[in-house]
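Structure, as C-alpha cells:
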Amino acid sequence: MNNLWQSTQKAVRLIPVQIGLLTLFFCVYHLFLFYCMRETAVNLGAVRYRTHIVPLYAEPSFDLSLWVLPALVVCVAFLYLCHKYLLSGVSVRRLIWVAIICFIAINVSVALIDGYREIEQEGETTRILGLLEPYTRTSLEYYGDVPRVDELGFRTFLQDYSKPELFETLSGHTRTHPPGGVLFLWLFSKIFGYNLVSASLISIIFTALAVIPIYYLGERLYDKKVARYALLLFLITPNFVMFTGTSMDGPFSVFPILSVYLFYEARARETLSAQTWHEFRPYSLLTGLALALGMFMTYSTVVVGVFLCVVALLERRRFLQYLKVLLFAALGFIGFYLILFVLTGFRPIEALWAAIKKDEMGMGTGYESLSRYLHLSFANLFAFLIGVGLPITTVWLRQVVSAIAEWRRDALSLVQEHYDRRIPWILRHEKSDNFVIGFLITLLFFTFSTLFTMEVERIWIFMVPFFVIPVAKYLVDRSTSDLYWVGGLLAAQLIVAEVLLYTYW
C-alpha cells in the first residue's frame, strides 16, 4: 500500500508537471503565431488568425449543455472498465469486441456534445445534430457526390473521374482526394440507404475495425501488455475521436494502419521461414493491397509507404528480408491499380495530378517564401501534436529521446564491432527501436515537405498508432497510476476540446 501511494505521488509530480510545461509551450507558440499572422500576413492556407485558434483549424466555441453528460459518463465508465476488467487478463477476442463497442460509444457521445446546429438548406433554417452536420455540406463533402455515382454508374464514374467534364462538377474534397471516399459511401448507401444517419454511423463502425490491427501491431512489435495499453489509449486519443464520427478521415485511416501491421507480420514470417525469392508471400502482397486501398481513399497513405522504406533502411542487418517484403508489396500495390485500370479505365496518375492542381489553387504550394515554408512546417507539426493529445505527446517525446539514445549507442557499437572480427556479422544485435526512429524520420520529412497545408490534426489521424504504441511501451514499465493519469488527462482534453472548439468536422 505504501509503495502504491509513493508511486502515485511520483506520478502526480511527474506527469502533470510535464504536460503543464508542454501546454505552456503551445500557448506561447499560439501567441507567437497569432502575432506573426497578424503583423506579417503569413499565409497558412485555410487557417485564419481572425477566426481560428491557430495553428488548429478550429474556431472558438462554447457548447456546454446537458449533451456533455453522456460523454462524461461514457469516458468515466470506460476508464473504470479498463481498471476493473480490460487490464486484468480478459481474453484477446473479448477485449477487441469490447474495444469496438467502446469506440462506437465514445465517438458518438463526444460528437453529440455539440447538440443541435442550425443550417441553411434551400433557403430554410433547419436544426440538425452536430454529429450529422458535416455531411450536409454537399458542395464540400464526398456525401454530396454519391448520387453522381448512381447517375453515371460505378465504371463510368471511375473512367471519367479525372476528366474536366466530370472532375470540375464534383465536391471540394472529392477533387483533392481519390474517388475511394465517394465509392465507400455509395457502396454502403446501397445497403443502408442514402441518408445522413447511415453515412455517419457507417463511418464510425467501419473505423472501429482499426482496433484490430492496432492491437496486433502492438503485440507483434512488443508484447501483449503493450498492445492492451496502446488499444486503451487509442480509444480516447482526442483527434481520432473528434474527427472519426464527423468526417471520412476515420474510414480513410483503416487501410494505412492495417498495412503497417501486415508489413511487420510479413517481416516476421520472412524471418522465421527464410523463404526464397520465388516463394509465395501472402502477407507481403496483402501489405501492398492494403496500401493500394488506402491510397485509393487518401493520398496521405504515401506517408506509410515512406515509413516502410525508412524502416527497411534502418534495419541494416535484416535489409534483405525487408527488401523481399517491399518488393512483393509493390507487386500487390501495382497489381491493384493495373486490375482497376483494365476493369474500369481509372487513371490514378491523372487523378493525382488533377488533385494536386486543385489543392494548389486553393492553398498554394507551401514554398512561396522561406517565411511561409518555415511557419507552415512548424504549424503542421505542432497542430498535429496538439491534436493527438498533450498527455500522449509528452510521453511520446520521452520515448523518442530514449530511442534516439539507444540508436546512438547502437551506431557507436556498430563501428566498434566493425573492428572486432570475433563476432559474426549475422549475430550482432541492434537494440535501437527502429519503429520509433523510423516514424520520427518520416514525420519530420513530411512536416517539412510542403505536401500538407494545415488541417493535419484531422488528415494525419492514421498516424495515431505510431504515437500510442510507443507511449504504451513506455508506460508498461511504470506504475499503473501513470497510465491512469495519461488516460484521465486525455479524456479531459477530449471533452474540453469538443466543448470549446468548433472543428467543422
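The values are calculated or read from the model by the stated rules, or taken from the named source; none is laboratory data. Being a predicted model, the structure only gives us computed values, none of them experimental. Virtual Cβ from ideal backbone geometry, glycine too; neighbours counted across all protein chains shown. Accessible surface areas use protein heavy atoms only, side chains included; no ligands, DNA or RNA. Shrake-Rupley method; radii C 1.70, N 1.55, O 1.52, S 1.80 Å.
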Open item on the list: List the pairs from Lys163/Lys358; Lys324/Lys473; Lys224/Lys473; Lys224/Lys324; Lys84/Lys225 whose alpha-carbon separation is above 18 Å, in the order I gave them.
Closed with: Lys324/Lys473; Lys224/Lys324
TODO: List the equivalent ellipsoid semi-axes of region 122-266 in whole Å, largest first, each obtained as the square root of 5λ for an eigenvalue λ of the Cα gyration tensor.
DONE: 32, 20, 12
Task: As computed over region 203-335, the Cα convex hull volume per residue (Å³) - done: 106
Task: Computed label-point distance, nm, for sites Trp353 and Ala492 using a 7 Å Cα→Cβ extension - done: 5.3
Open item on the list: If I compute solvent accessible area with a 1.4 Å probe over the protein chains, what percent of it on the chain is carbon and sulfur?
Closed with: 66
Task: Added length on full extension, which subtracts the Cα-Cα distance from 0.36 nm per residue, Phe206 to Leu331 - done: 42.3 nm
TODO: Report, largest value first, the span of the C-alpha coordinates of region 75-157 along each principal axis, in whole Å.
DONE: 53, 37, 13
Task: Average accessible area per residue (Å²) across the chain - probe 1.4 Å, nucleic acids and ligands excluded - done: 45
Task: Virtual paramagnetic centre 7 Å along Cα→Cβ of Phe378, amide N under 13 Å, in region 42-81 - done: 55
TODO: Mind checking the full-extension length gain between Arg137 and Ile339? Use 0.36 nm per residue of separation minus the Cα-Cα distance, one decimal, nm.
DONE: 69.4 nm
- [ ] Take the Cα atoms of region 24-132, build their convex hull, and give its volume per residue in Å³.
- [x] 183
Open item on the list: Can you show me the helix-derived [θ] at 222 nm for the chain, built from DSSP H runs with n ≥ 4 at -39,500 (n - 2.57) apiece and divided by the number of residues, rounded to the nearest 500.
Closed with: -22000 deg cm²/dmol
TODO: With the convex hull built on the Cα atoms of region 440-504, state its orientation-averaged projected area in nm².
DONE: 5.7
Task: For peptides 34-40, 241-247, sequence by mean Cβ density within 10 Å, most packed first - done: 241-247, 34-40
TODO: Quick one: go through region 236-257 and flag any residue whose amide nitrogen is under 20 Å from the point 7 Å out along the Cα-to-Cβ line of Val197.
DONE: 245-247
Open item on the list: Show me the helices of the chain, taken as full DSSP H stretches, that run 24 Å or more along their long axis by Cα and average 1.6 or above in Kyte-Doolittle hydropathy.
Closed with: 92-111, 319-344
- [ ] Could you order peptides 391-399, 88-96, 315-323 by the average number of other Cβ atoms within 10 Å of their residues, highest first?
- [x] 391-399, 315-323, 88-96
Open item on the list: How large is the translational diffusion coefficient of region 253-398 in µm² per second when you combine the Kirkwood radius over alpha carbon pairs with Stokes-Einstein at 10 °C and 1.306 mPa s?
Closed with: 90
